[in-house]
Ligand SMILES: Cc1cc2nc3c(=O)[nH]c(=O)nc-3n(C[C@H](O)[C@H](O)[C@H](O)COP(=O)(O)OP(=O)(O)OC[C@H]3O[C@@H](n4cnc5c(N)ncnc54)[C@H](O)[C@@H]3O)c2cc1C
């Protein structure tokens with residue numbers, strides 16, 4: 001029996017102060033902190049946090065609500081902009097499907113979702129119908145007009161699901177200041193040693209200057225370093241590389257000027273050996289080429305990204321990041337839980353890292369506040385988190401599996417990669433068969449983070465229809481949600497107004 005049997009911990013030590021560390025601290029103060037646990041966070045003044053990762057999912061809105069941060073604060077302090085979904089240009093070689101939009105869908109504004117499903121299903125049977133996901137969802141209408149999810153009545157932001165882009169480093173700084181104000185015990189120092197007791201549990205850490213910090217429970221938020229869970233407790237990463245080939249990113253941030261587009265969505269453009277994000281934040285546009293070093297060199301990748309950006313990238317240095325993709329088998333081991341990049345990383349195509357971080361923090365805090373601190377709770381927690389990672393990777397890998405590009409061996413290999421799960425296989429077969437796709441999804445993805453509409457969007461958006469099922473040449477000229485969408489605030493202008501207020 002390990003030491004996780006027994007009463008909840010009195011002293012919790014979080015090691016690491018990137019976005020994961022400070023999100024964790026914010027939630028813990030609001031939960032275990034209120035229940036009497038003493039929470040300490042130690043971060044290195046010398047080791048920088050990763051500082052990229054600007055896209056979120058709607059879950060982040062719930063995090064803000066839970067810790068009591070307003071959207072205006074996020075815009076002002078963290079240069080946040082709105083994110084209504086993701087646009088995917090260039091993932092097929094077909095002129096008919098040059099790009100598609102994967103929106104967040106808003107309950108209460110889904111009147112045309114059934115039409116979308118039905119048109120897709122009929123087109124799978126070779127009928128001539130419009131199946132562009134962007135033509136059926138409210139968020140897509142807002143995105144196409146570059147509108148914010150807010151506006152004067154009858155606009156109702158409360159009805160909408162949306163997320164944010166922001167500068168992650170600023171988010172970590174902002175959360176840090178709030179946690180310090182709320183009374184967290186904060187230590188700025190390098191951890192030089194992590195010490196175990198005779199049973200193998202963690203007992204304390206030592207700083208460079210010899211200070212000793214003891215705790216009953218430890219949270220590893222040291223990012224890819226995995227100082228506690230990996231280096232000390234020897235928990236290994238199960239790699240995702242056989243399924244997702246990308247292992248590197250090249251990042252450039254350009255300035256925003258008058259004529260630069262500032263849309264309320266992420267653009268994820270397929271390039272020769274990967275894809276590049278374009279994310280508007282504050283006075284910058286963030287660009288990042290996520291690629292596989294097995295197929296392209298650092299220099300070629302940078303050149304390709306620079307060509308995509310154009311002259312705005314001139315004179316700006318690129319940042320290189322090596323990605324370790326995979327997940328731990330046990331995120332909670334002995335008296336330590338890993339949160340954030342230390343627990344695993346799926347490449348950022350659907351911007352899921354902070355969502356998985358948040359999910360892990362919430363589940364963990366729930367166990368503790370309900371006194372669930374036994375081995376059985378730990379095993380249950382590990383199963384749930386592993387499942388969340390594994391269900392997410394299915395959706396990410398589907399983008400690669402469905403691509404139809406022929407311009408590089410990379411894309412051919414991604415498509416031909418048979419290292420896919422039975423779930424993915426069943427979804428592809430279920431769609432291709434022309435049968436009841438909703439039934440297939442009900443069976444396969446009932447616990448997925450991705451709802452049926454997302455699976456329809458990806459299959460339709462990638463143009464996976466029978467050869468002779470052509471899209472109609474006459475398309476609707478106006479989006480069915482145009483009248484409502486047009487009344488919303490202009491995205492860029494709205495952000496400017498909030499920042500100036
Ligand atoms: C290329 C790329 C793109 C990404 N895009 C997205 C995205 O669009 N959306 C999304 O949700 N996520 C994205 N992510 C993930 C996101 O950046 C991270 O999940 C998030 O920033 C959390 O990182 P972290 O806090 O776990 O680690 P880090 O930011 O690396 O923080 C580690 C912390 O540990 C501290 N530390 C390390 N060693 C020691 C030590 N010895 N002593 C004391 N302190 C120590 C450091 O000082 C730092 O404070 C992306 C990641 C990458 C690499």
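What value, in deg cm²/dmol to 500, does the helix sum -39500 (n - 2.57) over DSSP H runs of n ≥ 4 give at 222 nm once divided by the residues of the chain?
Helices in the chain give a 222 nm mean residue ellipticity of -10500 deg cm²/dmol.
Mind jotting down the distance between the C-alpha centroids of the range 100-179 and the range 15-49, whole Å?
For the range 15-49 versus the range 100-179, the Cα centre distance is 32 Å.
Starting with the highest mean, order 246-253, 257-264 by the number of other Cβ atoms within 10 Å, averaged over the residues of each peptide.
So the order, starting with the most tightly packed, is 246-253, 257-264.
Can you give me the angle between helix 422-432 and the longest principal axis of the chain, using Cα atoms only, in degrees from 0 to 90, rounded to the nearest 10?
Helix 422-432 sits at roughly 10 degrees to that axis.
Quickly rank 54-60, 139-145 as a protection proxy: mean count of other C-beta atoms within 10 Å, highest first.
139-145, 54-60
Quick one: length gained pulling residue 316 to residue 95 fully straight, 0.36 nm per residue minus the C-alpha distance?
76.2 nm
Arrange the peptides 67-74, 340-347, 486-493 so that the one whose residues have, on average, the most other Cβ atoms within 10 Å appears first.
Going by the mean number of other Cβ atoms within 10 Å, highest first, we get 340-347, 486-493, 67-74.
If one takes the longest principal axis of the Cα atoms in the chain, at what angle in degrees, from 0 to 90 and to the nearest 10, does the Cα axis of helix 298-309 lie?
Compared with the principal axis, the helix lies near 50 degrees.
Which length gain, in nm to one decimal place, applies between residue 487 and residue 197 when the Cα-Cα distance is subtracted from 0.36 nm times their residue separation?
Stretched out fully, the residue 487 to residue 197 stretch lengthens by 98.1 nm.
What is the list of residues in the range 264-295 whose amide nitrogen lies under 20 Å from a point 7 angstrom out from the Cα of residue 408, following Cα to Cβ?
Backbone N within reach: 267-279, 287-295.
Can you pull the one-decimal nm distance between simple spin-label points at residue 308 and residue 46, each 7 Å off the Cα toward Cβ?
Each label point lies 7 Å from its Cα, and together they span 3.6 nm.
Within the range 372-411, whose backbone N sits under 18 Å from a point 7 Å along Cα→Cβ of residue 329?
Only 376, 378-390 pass the distance filter.
Throughout, read-outs are computed from the coordinates displayed, never taken from laboratory work. Please read these numbers as outputs of a predicted model, since none were measured by experiment. Cβ atoms come from the backbone with ideal geometry, glycine included; neighbour counts cover every protein chain shown.
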